[in-house]
Amino acid sequence: MAELFRQVSVRERKLYYSREWRVSMVPSFIRETLNLRELGFDHDGNGPSDRKNVFYDPRDLEDYVRLTSPYAIYSSIALYDEPGEMRGWRGAELVFDIDAKDLPLRRCNHEPGRVCPICLEDAKQLAKDTLVVLKEDFGLENVHVIYSGRGYHLRVLDDWVMELDSKAREKVLAYVSAAEDVTFEDLEGKRVMLSSGYFRVFRLRFGYFIERVNENHLVSAGLNKAQIRGVLNNRPKIVEGFVKKGMLTAFPKGVGYGAMLKLFHLSSTYSKAYFDGRVTVDVKRILRLPSSLHSKVGMVATYVGSKESDVERFNPFRSAVPKFRRREVEEAYKEWLEGEGGDGL
Amino acid sequence: MILDPFGGRAAEIIEEFGGLMKTLMIIPDYVDPDEVIKRVSWEDKPPDELIDMNDIEDVLGFYALLGALSIKPYGFEVEEVMKRNAEIYLHRIRLVGRFDGAAGIEAVGREDLPSRDAFILERRGLRGVTPEERENLRIAYRIHLSDFLKFWEGSLKDVYVRSGYAYLSKPQALEVWRGYFRRRFSEVLRSIEGLESEFYKGLNEKMGELIRKRAGSTLYTGSVKAQPLRFDLFPPCVRMALEGVPSGMRNYAITVLLTSFLSYARFCPNPSRKDVRLRDCVQSVREVEEEVVSVVIDAGNRCSPPLFEDQPNEIKNVWYHLGFGFTEKPSLDDSGSSVWYFPPNCDKIRANVPQLCNPDEFCRGIRNPLTYYLRRLFREKQRQGGDGAGTGAEGGGDG
Ligand code: SF4
Ligand SMILES: [Zn+2]
């Protein structure tokens, strides 16, 4: 049986880096500042122990990678005056890391810690929602989405964002992940209906939540039988009326403020977990280099684009597969569709 | 009229004098210390002469105070000078009804928001909102998020965010401005180095005297706030620490005893559980800074040699004992990063620094300095027949 994801061999790594990969595949937002970034390499699958490398010329990076065919390549999200010493911090990209293997509210049935096309599709949905928030609410223009091999990275390079300290990034993260509870006052004062700002982000995340939530979740949230039925039978109406338009009347009869607050709280509890917050708050992190091979899963970290439609169109099983695995992945995908994944997508 | 001592017209004036350091050099020739002190000595509300004043005089007076603070850039004085001068400018801002671009705050009209959102934010659909309240809810300003994130202590949920801006009501804008003033004040203060002149030393002393006297009259007799500290009821060991101690005892007396005692006495006299955090008892870090840390710093610097001048890093240790982890500038969220240290028991104190313990009549049967304080507080209220410190005081934690 062919596999969608699998570890690749040393020989296959060599194949990829000598035949397929060129340094020109590294996105220009990294190539142009390469001399200001720290690069890290994992040569054997035990983590990036070869750190604090600097390449003043992209061709030097190309030579080094061709020569070593590393297990994984990382570059700093920070720019430094002296990247080799990690000194003279000039700023860092703002990063959101969505890992498909850690997502709550899964729609698929395999064991946790693995990914399938459905989890990846969910991660993509979250990446797209996040892109919208970053552009519309924060007015950001220099945002890039990258398929990381097992999820998505959003990387922001607008000047003012590069300068933010960890505390400011925490606040941005709390906003983007709708981590703060909606209160009774927010409901009563109708702030939850606002067409922009925190409450719109909250409703966006709530939409993702309501489309995936099941009976067990709602029982544990403390809803009664009638309320649960009401919510589950009215998902499209809630999405249409509440998520998109902010109308509280979209909730069915019997779901009053009390039940809504329980739902909202549960939604926030989950939406906090869509992102790996440590990545967002850390201003000196290293991140998988786009175009490099994710050797554990046999996929290529791939630049997706900066527009919603780029994300929408992106299919990792078409665009992020190294050539030496094309046939294998194609076959595995077919098998998966015929088997477990048939009705999920 | 200058609305922002760090930008606009004020910055121009400083530029004309040849920059900040040059300005500080010429200030002694132009400025009368007694006039400058007036910027700090007012009560209740700044007097008219401070509101409507000549621009140059205003700028020189303000920077004269910063120069004087740079001699000892920490503690009570900094807080006081910052707060009172912020009020002078805020008073003017309220008077003219605009910010003149200070802190990057710009005015907007109602039409800049979708009308339904403006309707919701102003609570126009709701009854029982007075016109004045409504005026305070109206979105009147905006500020770019890059600035907002620097100056706002709260969360992004508190404000209306759209296209890279935070939209603000007037009270919110004033709060942002305060954050801006605080930040710029500290930055400028930190940038001033090596002012040795007699003028600034003299001004510093005058200012210190005034502020200590005032602090004495409010803090030591207490009753300004709901639960002010009653310094007169503190146990002998704490009082000794407050007065400053010799070098061998400094760290224990100040960082351990005083920090823990003041913070629990002020914010959580009867902890309901062992792992209580300061964030459960206060609204903002600022309260802790103003009511505990500044007193600790003051006492530390009354030691010989002054503790925090000697060991600038010790301030991080103070925050550590308050439960914020080893940090210099904590946020409320940091509370819980380390354990909020409970005041040590008397036998611990005697074991560590025997000189601190000089028991008086009330110390009999007492095992912890906090209990001493709570018991005396309780008796005091009983004696006055007041509604009091609450019956829980008697049992207050022997930790
Ligand atoms: S007995 Fe306890 S409370 Fe009294 S002075 Fe000594 S240490 Fe302080
Ligand atoms: Zn899955």
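Rule-based calculations on the coordinates, nothing more; no lab input. In this text the structure is predicted, and so the values were computed from the model without any measurement. In this analysis, Cβ positions are derived from the backbone assuming ideal geometry, glycine residues included, and neighbour counts consider all displayed protein chains.
Annotations
- Proxy reagent accessibility, fewest Cβ within 10 Å first, across B:21, B:207, A:162: B:21, A:162, B:207
- Among the listed pairs B:22/B:206; A:128/A:323; A:124/A:171; B:22/B:201; B:274/B:329, a Cα-Cα separation exceeding 20 Å is found for B:22/B:206; A:128/A:323; A:124/A:171; B:274/B:329.
- Inter-centroid distance (Cα atoms) of the stretch B:178-207 relative to the stretch A:261-283, Å: 42
- Footprinting exposure proxy for A:76, B:115, B:337 (fewest neighbouring C-beta atoms within 10 Å first): B:115, B:337, A:76
- Placing unit charges on the Cβ atoms only, positive for Lys and Arg and negative for Asp and Glu, gives the protein assembly as shown a dipole magnitude near 2880 debye about its Cα centre.
- FRET E, pair residue A:338, residue B:317, Förster distance 60 Å, beta-carbon r, rounded to 0.05: 0.40
- The Cβ shell under 12 Å around residue B:296 holds other residues with a net charge of -2, Lys and Arg each +1, Asp and Glu each -1.
- The H on the amide N of residue A:50, modeled in the peptide plane, is under 5 Å from the matching H of A:41, A:43, each at least 5 residues off or on a different chain.
- Relative to the compact-globule estimate of 2.2 N^0.38 Å, the Cα radius of gyration of chain A comes out at 1.07.
- 3J(HN,Hα) couplings calculated from phi for the stretch B:343-354 with the Karplus curve 6.51 cos²θ - 1.76 cosθ + 1.60 (θ = phi - 60°) are, in sequence order, x, x, 5, 4, 5, 5, 4, 5, 5, 7, 9, x Hz; Gly and Pro show x.
- Shielding of peptide A:161-167 by partners, expressed as the average count of other chain Cβ atoms within 10 Å per residue Cβ, is 3.
- Counting neighbouring Cβ atoms within 10 Å and putting the fewest first, the residues A:55, B:148 line up as A:55, B:148.
- Phi angles of the stretch B:21-35 translate, via the Karplus equation with coefficients 6.51, -1.76, 1.60 and θ = phi - 60°, into HN-Hα couplings of 5, 4, 4, 4, 5, 8, 3, x, 7, 10, 10, 9, x, 5, 5 Hz per residue; Gly and Pro are given as x.
- Euclidean distance between Cα centres, the stretch B:276-318 to the stretch A:79-129, Å: 39
- Taking the longest Cα principal axis of chain B as reference, the axis of helix B:198-215 is set at about 70 degrees.
- Reach of residue A:296 by Cα under 19 Å, taken over aspartates and glutamates that are not fewer than 8 positions away in the same chain: A:3, A:12, A:20, A:42, A:44, A:50, A:97, A:99, A:102, A:111, A:328, A:330
- At most 11 other Cβ within 10 Å, DSSP loop - trypsin sites (Lys or Arg not before Pro), the stretch B:16-100: none
- Couplings 3J(HN,Hα) for the stretch B:370-384, derived from phi with the Karplus relation 6.51 cos²θ - 1.76 cosθ + 1.60 (θ = phi - 60°), are 5, 4, 3, 4, 5, 5, 5, 4, 4, 5, 4, 5, 4, 4, 7 Hz, where x marks Gly and Pro.
- Positive-pole candidate from A:263, A:179, A:15, dipole of chain A, charges at beta carbon: A:263
- GNM flexibility winner over chain A from A:142, A:224, A:216 (Cα, springs under 10 Å): A:216
- Nearest 10 degrees, 0 to 90: helix A:257-271 Cα axis against chain A principal axis: 10
- Of all aspartates and glutamates in the structure, those lying under 16 Å Cα to Cα from residue A:307, and not within fewer than 8 positions of it along the same chain, are A:129, A:136, A:137, A:141, A:158.
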